[in-house]
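The structure under discussion appears below in the form of structure tokens.
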Amino acid sequence: GAVVSQHPSWVICKSGTSVKIECRSLDFQATTMFWYRQFPKKSLMLMATSNEGSKATYEQGVEKDKFLINHASLTLSTLTVTSAHPEDSSFYICSASGFGLAKNIQYFGAGTRLSVL
Amino acid sequence: RKEVEQDPGPFNVPEGATVAFNCTYSNSASQSFFWYRQDCRKEPKLLMSVYSSGNEDGRFTAQLNRASQYISLLIRDSKLSDSATYLCVVTQYNQGGKLIFGQGTELSVKP
């Protein structure tokens with residue numbers, strides 16, 4: 001099946017710093033990538049959808065200046081949490097869909113656990 | 001009302017038991033339906049797609065009732081390794097493939 005690699009898997013940072021998370025499709029071209037966050041015991045909440053070469057579409061309530069998304073190539077999307085604060089601590093997961101894959105099927109990265117001190 | 005609602009759980013069952021999960025969705029324009037499985041601190045993994053005709057994959061059977069906007073997942077002869085959170089997921093027309101997740105139902109299979 002299609003493989004999505006997400007890095008880093010775990011990051012601890014100080015309040016006020018920025019953190020970049022990478023999401024790569026390893027064996028397919030990801031035309032669309034999705035970014036989710038998940039709090040403990042809660043379900044995944046979509047933050048934004050990004051199409052290669054276009055600006056990301058953010059869900060209601062998600063600050064675009066806080067969560068910067070770049071999808072500059074068909075195999076890489078990045079999420080930067082700017083000026084992170086403790087309330088940004090969460091599990092961030094990316095997924096991707098693309099050419100040659102079954103319609104509406106998304107392949108997920110392993111997630112990044114962010115802890116802001 | 002949430003777009004996708006599931007049994008609250010958790011379900012605690014002995015090995016070998018049959019367990020059924022229910023899910024309802026509010027938007028009749030929903031297009032595709034899935035069950036995902038998520039292990040603790042891991043990403044969700046696709047378990048199976050769900051079709052109106054029903055589909056079976058080994059011990060797992062999924063069913064969709066569009067008229068009632070209801071989705072089910074049946075697990076027979078449950079194993080310890082089935083312990084996880086099961087997520088009901090739908091997509092809608094013209095939403096760019098966006099997945100809408102239910103809150104998940106936790107299953108714990110005990111020896």
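The alpha carbons of the protein assembly as shown give a radius of gyration and a Dmax of 17.8, 52 Å, in that order.
What does the accessible area of B:Asp7 come to, in Å² to the nearest 10, when a probe of 1.4 Å is used? Approximately 40 Å² for this residue. What the phi angles of the range A:90-97 give under the Karplus curve with 6.51, -1.76 and 1.60, with θ = phi - 60°, is a coupling list of 5, 9, 9, 10, 10, 9, 9, 9 Hz, glycine and proline written as x. Of the heavy-atom accessible surface of the protein assembly as shown (probe 1.4 angstrom), what whole percent is carbon and sulfur? After summing per-atom areas, the C and S share lands at 50 percent. Among the lysines of chain B, pairs at least eight places apart or on separate chains and with Cα atoms under 19 Å apart come to 4.
Which shape class, rounded, prolate or oblate, goes with the range A:23-74 when its Cα gyration tensor gives a ≥ b ≥ c as root eigenvalues, a/c under 1.5 marks rounded, and past that a/b bigger than b/c marks prolate? Note, shape of the range A:23-74 comes out oblate. Computed over chain A, the P(r) tail beyond 17 angstrom holds 51 percent of alpha carbon pairs. Is the shape of the range B:41-92 best called rounded, prolate or oblate, per the rule: a/c under 1.5 gives rounded, else a/b larger than b/c gives prolate, else oblate, with a ≥ b ≥ c the square roots of the Cα gyration tensor eigenvalues? Because a/c hits 1.5 or more and a/b fails to exceed b/c, the range B:41-92 counts as oblate.
Shown for chain A: cysteine residues without a partner Cβ closer than 4.7 Å, namely A:Cys13.
For chain A, the number of Lys pairs with C-alpha atoms closer than 17 Å, counting only pairs eight or more positions apart or on separate chains, is 5. For the range A:85-105 versus the range B:52-104, the inter-centroid distance based on Cα atoms is 19 Å. Classify the range A:6-49 as rounded, prolate or oblate, taking a ≥ b ≥ c as the square roots of the eigenvalues of its Cα gyration tensor: rounded when a/c is under 1.5, otherwise prolate if a/b is larger than b/c and oblate if not. In terms of gyration-tensor shape, oblate. Between A and B, roughly 1500 Å² of accessible area is buried in total, ligands, DNA and RNA not counted and the probe set to 1.4 Å. For chain B, the Cα gyration tensor yields ellipsoid semi-axes of 24, 14, 12 Å (square root of five times each eigenvalue, largest first, whole Å). Sequentially through the range A:48-61, phi angles give Karplus couplings (6.51, -1.76, 1.60; θ = phi - 60°) of 6, 10, 10, 9, 3, x, 10, 6, 6, 9, 9, 6, 4, x Hz, Gly and Pro residues having no value and appearing as x.
Taking the Cα centre of the protein assembly as shown as reference, the dipole from Cβ charges on Lys and Arg (+1) and Asp and Glu (-1) amounts to some 200 debye.
The values are calculated or read from the model by the stated rules, or taken from the named source; none is laboratory data. It should be emphasised that the depicted structure is a prediction, and the values quoted were computed from it without experimental measurement. As a convention, Cβ positions derive from the backbone with ideal geometry for all residues, glycine included, and neighbour counts pool all protein chains shown. Quick note on the areas: whole protein, heavy atoms, side chains included, nothing else; ligands and nucleic acids left out. Shrake-Rupley method; radii C 1.70, N 1.55, O 1.52, S 1.80 Å.
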